[in-house]
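Single-structure report; data block below.
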Amino acid sequence: MPPVALVQARDTVPPASKTAAEGTVVQASSSDTAFQVLDRAAHAAISQATLGISPAALGGAFFDWWVHLAFSPGKQAELAKQAIAGAADNFAFAAQSASGSPGDPSERALPHDDRFRSPDWRAFPFNVYAHNFLSIERWWEAATTHVRGVSQRHDDMANFTARQLLDTVAPSNFIGTNPEVLARTRAESGANLVRGYANWLADLTRARSGAPPRGTEAFKVGETVAVTPGKVVLRTRLAEIIQYAPATDRVRPEPIVIVPAWIMKYYILDLSPANSLVKFLTQQGFTVFMVSWKNPGAEDRDVGFDDYRTEGVPGKRIVEAIAQHAVPEHPDVYAVYDRKDRHCRKGKQPASTHRQFPIDALGIKSNA
């Protein structure tokens, strides 16, 4: 099969389909009442102020956590004990550090937390700032997890939100309490602060104007990303199916269908020749079919899961398209997923339409 041109995905939402949260008027369908339009406008305004986070969902999660914690005297006693022990440990650490014996605060940090591992953080009083912060962080970690009766989803939401709020007041975020920033400021006579302020203004201007972040212009679909040759073999209202031909003389009979999460672009699995799952599979002799989801606009606001399942890439239409463009006599269609994927599996449609097999069955090691 000769190479074919790559069909570029729709990367920008047309101006007419922007929502009210992006500065335009909410569009109403003919079936909407005035009250529904008012609700949509209010929700759009709230989402603009909360960066898309639902106050109702977040409030419900914390209410679930708070009510169950309020009726868990054993958990309260455990947290009180941890708080007293933490305060005593903080006092002892501060006294030891003030007496000239440097202490390493990163010993209390989580394995992935590298904020306080620099030697500069071992000097007094910065080590005390970091030690106290990490002690508080550990307490909130215990307070927002494993509260009996709280749903797993609300438990995760409360824990994640508490951690994000705490991170905003970490001593590493402020000039006066960050020894690394102070050392750089002295070395550059404050030039680093001027550059940082200029970068902040540039980011603010881009955010206000709706411009993409700096550096994204270097990534162009079909030129620097998604460079594996392919062609569109099926279009529906909500998606396109792209076919990638095998790059070998010997072709495997089993076609592979890859359905990315709905929130992702199809080229998340074809970023560059060096880390492209699509290229790897075609080099192994597979015929690959990839779903490219449509960028939703205001006209798609009522689209739900069933619409994606029935009108996006219906299983019957996928099989028909594959039968026409791959190996018609082969009855099996395989959907690929990553058994270690803990983040977007719920957004992958193969579980509802096709037979699945794990990605590591292809000899691919996952870093998830």
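Listing for the model above:
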read-out	value
For 146, 112, order by how many other beta-carbon atoms lie within 10 Å, fewest first	112, 146
Neighbour cut-off at most 14 other Cβ (10 Å), DSSP loop, trypsin sites (Lys or Arg not before Pro), the stretch 137-194	148
Loop-resident sites, the stretch 194-260, for GluC sites (Glu not before Pro), counting at most 11 other Cβ within 10 Å (DSSP)	223
Along each principal axis, Cα extent of the stretch 58-177, largest first, Å	47, 26, 23
Packing-based order for 76-87, 268-279, using average beta carbon neighbours within 10 Å, highest first	268-279, 76-87
Exposure proxy order (Cβ contacts within 10 Å, fewest to most) of 155, 114, 300	114, 300, 155
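Read the figures in this text as sums done on the coordinates, not as results from a lab. Given the structure is predicted, the values throughout are model-derived calculations rather than measurements. Note: ideal-geometry Cβ built from the backbone for every residue, glycine included; neighbour counts use all protein chains shown.
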